[in-house]
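*Asks:* First the structure, then my questions, so here it is.
The values are calculated or read from the model by the stated rules, or taken from the named source; none is laboratory data. Quick caveat, the model's predicted, so the values are computed rather than measured. Here the Cβ positions follow ideal geometry from the backbone for every residue, glycine too, while neighbour counts run over all protein chains shown.
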Amino acid sequence: MLYKWFLFILLLPFSVKSQIIIDGIYDDWSSVSAGYIDSNNDGKYGIDFGKFAIDNDSEYLYINFTTGKLVNLQNDNDFVLFIDIDNNSDTGYKINGMGADISYFFGERYGFFYRNGNRITLKHSDIGLIPLPTVSSTTFELAIKRKFKAGSYLVNINNKIKVFLFQDVAGGDKIPDETGGFAYTMKDADFNAPTVNINKINEEHLRILSYNVEKDNFFFNEPPYRRLIQAASPDILCFQEVYNHSSADMRTKIKSYFGGNWYHAKIGSDLIIISKYPITKSQPIEGNAAFLVKKANKDILIINAHLYCCDKDSKRQKEVDAIAQFIREAKDQKGSIPLKKNTPIIIMGDMNFVGSNRQRQTLIEGDISNNSRYGSDFLPDWDSSFLEDARPLTIGYPASFTWNSDYSSYPKGRLDYMIYTGSVLQKENSYILFTRKMQAEMLDDFQLNSQDSDNASDHFPVIVDFSFKNYDATDDLLSGKYDLEILKYYPNPASDKMNIRIKSKLSSEARIVVYNTAGQLLYSINHKFIPGINTISLDVSKFKSGIYFAKISTQKYSVRVIPFAVQKNIK
């Protein structure tokens, strides 16, 4: 059987290894230096493994692989992962010339630890498994803790390991094809959790919170919810699963936290919006809800969604088709809430994207499944492009997951989304408020307890801050004059210099400013972008260790705010 060992090498100046993030985006794997490419067309039943890559840091083992066919990693698959954690074929379960100490059966959602003739059952929570995406895909990435408990054993995934992935059916594909498994030596790399700023970077930004509070549990177990919501301090809150209480009940709670005047509305059995700004219109959409909010004479269309759960793909598809139809008609100034051109649109909520990836595709791309009932496909953003997925990261983790239950057979997943019109809205800050691994100092600063997220709902608050792009600049935006794309910023943390790689379609002038968490301006430069790839180096040699923000803006609108860390005495 032909095979090829390979190295992922990024041939770019200043390239450094970046922290792997389990978020369903795979660009960070481009600099990973260990992997395998399987032979083509050597698997049966449609599964044909292709690329396989492996990486690590001090806390996690990371794996990335392709399947050649759409698969749901949480259901209806025969994939099994074996890991020989001590590089010793005489210990553990004998498989493919290895002595595997750990196995995990993805379709069955459990595994085993093998030691001294014992077989100890492992749950996803035991090994800290984080697999994404939660929907069907041909590419997956996952993280496993390097240290965990299995019964009375303290398991430590050692420096030299072997890995074997295969489809457990007769003639099923496997990686590697050769016996003995894929050998990997751990790198000496610290885990660097993504930098998160809980506070707004700018008070002018619009902060949106989406939260499934789990069947009215908010009203029966209020303290952890109160602390989470007060820490986030949002401008607009969208709740799901408030079945037995009114929006006025929820408004009373929110007002007691923050004071001031709050507007409220409820549509359907469980969807509530609480807003600092007037809610001028509302409309049900196939079990979901649309609200028009007015902030400083700007309309904002908010769609709060709670789609059908679990194996109900066809019902979820019907709902997202209806939402897409509603947006298309609103943009065409038809329907119950006709929109002015360039009105920001934000879709959020518990989407329950756990089956087919088709529903997510419909919302973001405007690719309606049932055209005969819901009308033609369309490009949903105002500039005739796809909508943007905010894709916030989970505090304390190298991942983007919004749901977790240690007691469920299902592992951590990304069920809650915030999707928006990127032509008129700029995402400035975002995070998923999960307190389990927050640093003690941050917990104290925001009067949180480390178990607040666990003690509230099995979903976590999703928070995104937006700024409004200058509507008058839309023609320039469409022409690409200010079309800048952040490709990478490194190293992070930095010691002397922090480099930003930016792709520009055309020549444009921009200003880069750096400020600290208190909002103090520390550094600014002007830069002229040329078409293609541009690299900017920021001098941070005189900065103290801490968190900073680099803001890149053109003459007419902000492009992005980048959070980064400075750490002195980096070896």
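*Asks:* Go through the stretch 477-518 and report how many residues are farther than 27 Å from T421 by Cα, at pLDDT 75 or above and not aromatic (F, W, Y).
*Replies:* Result for the stretch 477-518: 10.
*Asks:* Conditions first: (1) charged (D, E, K, R); (2) part of a loop (DSSP other than H, G, I, E, B); (3) at pLDDT 95 or above. D383 passes all but one, so which condition is the exception?
*Replies:* Evaluating D383 over (1) charged (D, E, K, R); (2) part of a loop (DSSP other than H, G, I, E, B); (3) at pLDDT 95 or above leaves (3) as the failure.
*Asks:* In the list D299, D270, D313, D332, which residue meets the criterion of being modelled with pLDDT of 95 or more and touching a Ser or Thr at 6+ places or on another chain (Cβ under 7 Å)?
*Replies:* Result of the check over D299, D270, D313, D332: D299.
*Asks:* Another one. Can you find, within the stretch 209-243, the residue that is surrounded by the fewest Cβ atoms within 10 Å (Cβ to Cβ) among those that are under 18 Å from R436 (Cα atoms) and of a type in the set (V, I, T)?
*Replies:* It comes out as V213.
*Asks:* Please specify each residue of the stretch 151-177 satisfying the condition of being exposed (fewer than 14 other Cβ atoms within 10 Å of the Cβ) and over 27 Å from N118 (Cβ atoms).
*Replies:* V169, A170, G171
*Asks:* Identify, from the list N197, N217, N244, the residue that is modelled with pLDDT under 95 and closer than 30 Å to I272 by Cβ.
*Replies:* Within the list N197, N217, N244, the selection yields N197.
*Asks:* Still on this model: So which residues in the stretch 288-306 are free of Cβ contacts under 8 Å to residues at least 60 places away in the same chain and surrounded by fewer than 19 Cβ atoms within 10 Å (Cβ to Cβ), if there are any at all?
*Replies:* K294, A296, N297, D299
*Asks:* Further, regarding this structure: So for the stretch 386-404 (the condition being without any contact (Cβ under 8 Å) to a residue 24 or more places away in the chain and part of a loop (DSSP other than H, G, I, E, B)), does at least one residue qualify?
*Replies:* Of the residues in the stretch 386-404, the ones without any contact (Cβ under 8 Å) to a residue 24 or more places away in the chain are 386.
Now drop any that are not part of a loop (DSSP other than H, G, I, E, B), which leaves 386.
Taking every residue of the stretch 386-404 in turn, at least one turns out to be without any contact (Cβ under 8 Å) to a residue 24 or more places away in the chain and part of a loop (DSSP other than H, G, I, E, B).
*Asks:* Also, I was wondering about something else. Tell me which of these A170 doesn't satisfy, since it passes every other one: (1) under 24 Å from D28 (Cα atoms); (2) of a type outside the set (S, T, Y); (3) in a loop (DSSP other than H, G, I, E, B).
*Replies:* All conditions pass for A170, except number (1).
To keep it simple, each residue is scored yes or no on (1) among the β-branched types (V, I, T); (2) in a helix (DSSP H, G or I).
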site	(1), (2)
F219	no, yes
Y243	no, no
S269	no, no
K294	no, no
V320	yes, yes
A324	no, yes
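*Asks:* Moving on. Quick one: A53 ticks every box in (1) touching a residue at least 60 places away in the same chain (Cβ under 8 Å); (2) within 20 Å of F166 (Cα to Cα); (3) not in a loop (DSSP other than H, G, I, E, B) bar one, so which box is it?
*Replies:* (1)
*Asks:* If a residue must be of a type in the set (A, V, I, L, M) and closer than 24 Å to R316 by Cα, how many such residues does the stretch 410-426 contain? Break it down stepwise before answering.
*Replies:* At the first step, the residues of the stretch 410-426 found to be of a type in the set (A, V, I, L, M) are 415, 418-419, 424-425.
With closer than 24 Å to R316 by Cα added as a condition, the list becomes 415, 418-419.
Adding up the residues that qualify gives 3.
*Asks:* If you don't mind, another one. So in the stretch 406-464, with the set limited to residues that are in a strand (DSSP E or B) and charged (D, E, K, R), which one is nearest to the chain's Cα centre (by Cα)?
*Replies:* Among residues in the stretch 406-464 that are in a strand (DSSP E or B) and charged (D, E, K, R), the one nearest to the chain's Cα centre (by Cα) is D416.
*Asks:* Can you tell me how many residues in the stretch 2-36 are at pLDDT 70 or above and of a type in the set (A, V, I, L, M, F, W, C)?
*Replies:* 7
*Asks:* A further question on this structure: Name the single residue that is nearest to P194 (Cα to Cα) among those in the stretch 43-59 being surrounded by fewer than 17 Cβ atoms within 10 Å (Cβ to Cβ), of a type outside the set (K, R) and out of contact with any Phe, Trp or Tyr (no Cβ under 6 Å at 6 or more places or on another chain).
*Replies:* The residue in question is G46.
*Asks:* Could you please find all residues in the stretch 244-267 being surrounded by 19 or more Cβ atoms within 10 Å (Cβ to Cβ) and touching a Pro at 6+ places or on another chain (Cβ under 7 Å)?
*Replies:* Of everything in the stretch 244-267, just one residue is surrounded by 19 or more Cβ atoms within 10 Å (Cβ to Cβ) and touching a Pro at 6+ places or on another chain (Cβ under 7 Å), namely I267.
*Asks:* Checking E141 against (1) among the acidic types (D, E); (2) crowded, with 18+ Cβ neighbours inside 10 Å; (3) free of Cβ contacts under 8 Å to residues at least 40 places away in the same chain, which test does it fail?
*Replies:* (3)
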